[in-house]
Amino acid sequence: MLVRNFFREIFSTLPRLMSVIIVTAIGVFMYVGMSGITYNLTLVADSYYGGQNVADFWISGKNLTKLEEKEVSRLEGVATAQARVVVEAQPVRDKDVTVNLYAVSGDYIINKPYIVAGRLPETEREFALFDEFAKAHNLSIGDTYELKIKDTPQKITLTVCGYIRSPEIIYNVSGIDMIPNSYKLGFAYMKAESLQDLMGKNIFNQICVKLYNNTDEAQEKFKRDVDEALGEKAASILSFKDNTRAYMLRGGIKEMKTTTTSLPILFFLISALIMFTTMSRIIEEARMQIGILKALGYSDFSIFIYYISYAQVVVILGVLLGVLPSGIITNLLISIYKATFSMPDFTAQFSAAAIIQVLIITNIFCTGTSVYICIKGLRDMPAECIRPKIPKTGNKNIIERMSVIWKRLTFTEKTIIRNIFRNKMRLVMCVAGVAGCMTVVTMAFGMNDSNYKFFDMLFEKIHRYDLQVFLKADTTEAQYRRIQSTQGITKCEYQMDVPSTFSFKGKKEGSVIAVVEDEISLMLLDINSDTSMKLPRDGAVVSSVLAKKLNLREGDILEANITGKNRTVTFKVAQILKNINGIYVGRTVWRSMGQEYNPSTIYLRSSDSGFVKNKIEEYEFILSAKQKSEIVESIEEQLKTMKVVMTILILFGGVLGCVVLYNLGIMNYFERIRELATLMVLGFYDNEIKTLVLRENTIFTILGIVLGIPLGIRFQAYLVANSETAGFEVDSYISCLSFFIASCITFGFSLLVNLSLGKKFKEIDMIGALKSVE
Amino acid sequence: MNKAIRVKNLVREYIMGDNIIKAVDDISFDVDEGSFVILLGASGAGKSTVLNILGGMDKPTSGEVFVAGQDISKYNKTELTKYRRDNIGFVFQFYNLMPNLTVVENVELATQICTNPLNASETLRLVGLEERENNFPSQISGGEQQRVAIARALAKNPDILLCDEPTGALDYKTGKSILELLARICRQSKKTVIIVTHNQAIAPIGDLVLRMKSGKIVSIEKNENPIPVESMEW
């Protein structure tokens, strides 16, 4: 019989039970879904980087041989080292396209290509091609492809033997473009013998290195050891972390971590609150039933089991309904990553750990609450349980004590205020729910605003050029002059980028020294400078991100080790600025330190940048030229990902707020059904009754919105502070319009709830509600 | 004398699954203005249904119900609400006071919506609760709560006061004082009062006693000389 009663009870409490289940499911959904993103990407990253044995270091140099390879492999802490040839090639007909060729003699040991189809090359006439590039160029396995090695007259023709992807080129960008483009950029792996004519037998230009332990100390030691062992032969050493194309996936996961952990926790907290209140209410109301069961002689234990099972319905259904669709959110966000990163295809898996965590937390809140209330109820004597709980004595509330105000209120207003104060728990819950909703929605808008504002500012106040030109290495003085004298250019500024490792008081950080003109006006550093800025004559300008990492203050002396040159220079930190990357020095300062100056970037101003671009691109010493508008566009493309995240946040934040309000509204409705029926008998019109009950929700919503605004600001500032965008320090910013829209959305959700609750009023049965004391 | 209520061939059926239950089965009766009516019957006899229909809380399946010359059986929902608002005072077995409002506020709750209400404090004095004005319902006894409910119904200055088992939840002495109060209101303010009860002993105090059984009226008894409540025993 108890079992039958159990199912009937579930049925009779269905609306409330459903809403707890939904709230639980949303919490679970967000938690499992969001943590699934980092979980799955980490899983893939680990197996991909590990399985394909991605390098810890790439040492580049000229005329490296097996001897150097052996020397490096003998260094302390080195697991393996493999020498290879890396060259840039382009299809004979298409000058816009670049294909990086990687050639080893023997088998691939480090940076093993991942085979998508076909096989790895076996002879010097074959090569394995990046699958997306092959697709973009309509190249099938078995096709031949003619390439011209850049900067040489050499041509080679190879047969595609397989489609591959590479763990060292997960993010297929060239270093100039920040958007992967698998038509313009490709890579291929082949035998070193294929390039023998070009390089000479057993001559390489890169050594890939894998360490046993890739710790910071091991890395530093290794860099020093290489400098010592190879000297000038090693032109540059690139570590995994600095190799954007390889590291981007790992770095992206790291950047995301704050968002994917803190957001679901926020969601889960709100749903836990609801689980707690609703479960405690439902079981509290069953007091009388507990008493009856006890009076009938059921043991405490079986009553206990009864209510635990009841809670289990919520836990099991909530977790199930949350976990099952959580793959959607995981896959949606992962698909964005899949589009950007080339990695092995995989299907997202559920994280067992997240599911277990979710089960534990929901059990604590749902089952725990039931157990707690049940024990409380069981302690009473059956007779006490059967009697209805003594209603709380009405108390005068704060507003009532201010009789001046109280007297002016209408009856409805008094009733509303009294009811709000009588049930403080509900007040807290509702406000917390709406505030949570508001926080999430505000944050979503804030993320968008902050990034857009940042980029707007970047392009308006900082990037004031019309055209950015990248030059090939070893550009001559005459060539510089040729660009400068191109028709249509009104202003021209040079910049040289020197990758370096900075150290200060034992801390080390890799970044770039930008050597710029002594007075700059096209690529400014400070949003507050008007049209031009003079670089300090006695030192360098350091970015606030770098300063924070190294604990630098103005006046400190910073040491920079120029990567691949084994040369150290020291700078005085003259100024610390936000919104820049790395450090900036004027060229006079740079030259006075005896350093060579051959800039590779030129910023140009021109009234007709399209024309100048076309003209300049004809020069053979130009790597690429980009109009400002093209750069802006590519950044905007990146911001699209965020829009998806924003939409998800708004949607689920809203749904959560809705369910909270609905849940508590319906609870209010059931608790006060007698009062409402009495009002109906007294002759109150439907609308008057609705006002009486629903005005409360409106008040809660307004309170929630007011509270949610500062919470949203704080939360958003936290998120922004913990995820720098592309190495910049972004200021947290939310526009007034966003606040307004967020408030409207939150309010809209609450209106929706009121509408659906309002329909419930039609169902009130005056006679039935008033007849019995329940 | 004017007829306050005229009920003609009233039928109220409920559909319960496949069965049709006739809660009220073709009854007719008249009530004079200002009379004290006792509607007697066992549980399930249909007396509450009659009261609910008279009070505009339920609609008849067929038949006519004239209150002050108006046929309320034809009223729609809004008209019924207005009717309840202006013409009817209802008292229940369970007092159904607003727990969040004080005694006087509970009465004011009713007066604020009617067109021609009595003064709330004065009404409370009438029921002997002037001392309790600012207490909350949970702070006063059951009998006192019922008095508040009566005051609330009365303060609307209704044409008819309908009481559904008003003494049902009260002890003998308190119940008797409530009846006394209702009788006094009826005599002094010439209001029509209808009391529904299963308690036979109350019958002698009414001007008109209607007895119901299985949805039908079995007897209509006019009492020319009703006994005063004080001398009634049960």
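Rule-based calculations on the coordinates, nothing more; no lab input. Only a predicted model underlies this, so the values are computations on that prediction, with no experimental measurement involved. Please note: Cβ atoms are built from the backbone with ideal geometry, for glycine as well, and neighbour counts cover all protein chains shown.
Structure notes:
- Projecting the Cα positions of A:236, A:659, A:495 onto the charge dipole of chain A (unit charges on Cβ atoms of Lys, Arg, Asp and Glu, taken about the Cα centre) puts A:659 furthest along the positive direction.
- Mean Kyte hydropathy of -0.5 or more with a Cα span along the axis of at least 24 Å, helices from DSSP in chain B: B:172-189
- Cα-based Lys proximity count in segment A:489-606, under 24 Å, for pairs eight or more positions apart or on separate chains: 24
- Candidates B:19, B:119, B:52, ranked by Gaussian network fluctuation over chain B, Cα under 10 Å, top entry: B:19
- Nearest 10 degrees, 0 to 90: helix A:300-340 Cα axis against chain A principal axis: 30
- Highest average packing first - A:626-632, A:701-707, B:103-109, Cβ atoms within 10 Å: B:103-109, A:701-707, A:626-632
- Two-site FRET efficiency, residue B:42 against residue B:66, from Cβ-Cβ distance with R₀ of 30 Å, rounded to 0.05: 0.60
- The ranking of A:34, A:438 from fewest to most other beta carbons within 10 Å of each one's beta carbon is A:34, A:438.
- For residue B:13, neighbours were defined as the other residues whose beta-carbon sits under 15 Å from its Cβ, and their charges (Lys and Arg +1, Asp and Glu -1) total 0.
- Shielding score for B:105-113, defined as the mean number of other chain Cβ atoms within 10 Å: 4
- Neighbours of residue A:524 by Cβ distance under 12 Å: Lys/Arg scored +1, Asp/Glu scored -1, total -3.
- Size of electric dipole in segment A:489-606: Cβ of Lys, Arg +1 and of Asp, Glu -1, about Cα centre, debye, nearest 20: 360
- Counting every other Cβ atom within 10 Å of each residue's Cβ, A:493, A:636, A:69 order from fewest to most as A:636, A:493, A:69.
- Cut-off under 5 Å, modelled amide H: who pairs with residue A:567 long-range: A:562
- Selected from B:57, B:98, B:16 as most flexible by GNM, with chain B as the system and alpha-carbon contacts under 10 Å: B:16
- Helix A:352-362 axis versus longest C-alpha principal axis of chain A: approximately 30°, rounded to the nearest ten.
- Taking every DSSP helix (H) stretch of at least 4 residues in chain A, weighting each as -39,500 (n - 2.57) and dividing the sum by the residue count yields a mean residue ellipticity at 222 nm of -17500 deg cm²/dmol.
- Acute angle (nearest 10 degrees) that the helix A:216-230 long axis makes with the longest principal axis of chain A, alpha-carbon atoms: 10
- Aspartates and glutamates with Cα under 14 Å of residue A:70, excluding same-chain neighbours fewer than 8 positions away: A:225
- For residue A:143, residues with placed amide H under 5 Å, excluding near neighbours: A:160
- Residues with amide H under 5 Å from that of residue A:187, placed H, sequence gap 5 or more: A:100, A:130
- Footprinting exposure proxy ranking of A:13, A:278, B:102, fewest other C-beta atoms within 10 angstrom first, gives A:13, B:102, A:278.
- Rounded to whole numbers, the Karplus 3J(HN,Hα) couplings from phi for segment A:406-413 are 3, 5, 7, 6, 7, 4, 4, 4 Hz, using 6.51 cos²θ - 1.76 cosθ + 1.60 with θ = phi - 60°, and x at Gly and Pro.
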